[in-house]
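Notes to accompany the following structure.
The values are calculated or read from the model by the stated rules, or taken from the named source; none is laboratory data. Since the model is a prediction, treat every value here as computed from it, not as a measurement. These area figures cover heavy atoms from the full protein model, side chains too; ligands, DNA and RNA do not enter into them. Shrake-Rupley method; radii C 1.70, N 1.55, O 1.52, S 1.80 Å.
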Amino acid sequence: MDFHETFEGIQARIRSMAVAHEILYQSDNFAHLCASEYVGNLSHFLYSHRSTGSRVEMLKKIEDVSFGLDTAIPLGFLLTELVTNCLTHAFPDGRAGRVNISLHRTNEHEFDLIVSDNGAGIPDSIDWRNPRPMGFDLIDTFAEQLRAQVQVNRTSGTEVRVRFKEI
């Protein structure tokens, strides 16, 4: 990872916190953050600051739910890592493709965040659990903050499913 990529990663993480705070301060409810607005604004920022051009489409399907900051901030960091990984690695050499972001309730207190792409996929030679590349190390760190379970499917592109409860 070069200096430019490291700097962009730090910038994206700072932006994820800033987006959360902007939405809170513009709302009537300082205790909860609207997930669709938060995920929409954050993913738009990430997409617009990556040099993927118009060849990568981003689709979002976000249920009308809200979270407190204790959940929203690590969720935003996690989403930042997942989307950045897709935009950085899934579509080499200007390859066209699609990134899907889904957030929905699975029961009264549990949620699934799914970020997937139809890109190159994680090579079989990479064991994303041990030793972990830096991006997966950060994903695990933010997932631990959410007390979440993470599943990775690399059958067709890459799909990362994060199941969590609001903190």
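Identify the residue in region 1-12 that is open to solvent by 50 Å² or more (accessible area, probe 1.4 Å) and part of a helix (DSSP H, G or I) and, among all such residues, is modelled with the highest pLDDT. Give the derivation first.
We begin by selecting, within region 1-12, every residue open to solvent by 50 Å² or more (accessible area, probe 1.4 Å); these are 1-7, 10-11.
Add one more test, that the residue is part of a helix (DSSP H, G or I), and what stays is 3-7, 10-11.
Working: Phe3: 70, His4: 71, Glu5: 69, Thr6: 70, Phe7: 72, Ile10: 72, Gln11: 75.
Residue satisfying both the conditions and the ranking: Gln11.
Within region 61-76, is even one residue among the acidic types (Asp, Glu), outside any loop (DSSP other than H, G, I, E, B) and either open to solvent by 40 Å² or more (accessible area, probe 1.4 Å) or modelled with pLDDT under 85 (or both)?
Within region 61-76, one or more residues are among the acidic types (Asp, Glu), outside any loop (DSSP other than H, G, I, E, B) and either open to solvent by 40 Å² or more (accessible area, probe 1.4 Å) or modelled with pLDDT under 85 (or both).
I'm checking my understanding of the structure. Among residues of region 19-55 that are assigned to a helix (DSSP H, G or I) and of a type in the set (Phe, Trp, Tyr), which one is modelled with the lowest pLDDT? Can you show your working first?
Within region 19-55, the first condition is being assigned to a helix (DSSP H, G or I), and the residues that meet it are 19-26, 35-48, 53-55.
With the extra rule that they be of a type in the set (Phe, Trp, Tyr), the set shrinks to 25, 38, 45, 47.
Working: Tyr25: 68, Tyr38: 86, Phe45: 83, Tyr47: 87.
Per the stated criteria, the residue is Tyr25.
Read through the list (1) within 10 Å of the chain's Cα centre (by Cα); (2) farther than 16 Å from Ser36 by Cα; (3) modelled with pLDDT under 90, then give the number of the only condition that Glu108 fails.
It is condition (1) that Glu108 fails.
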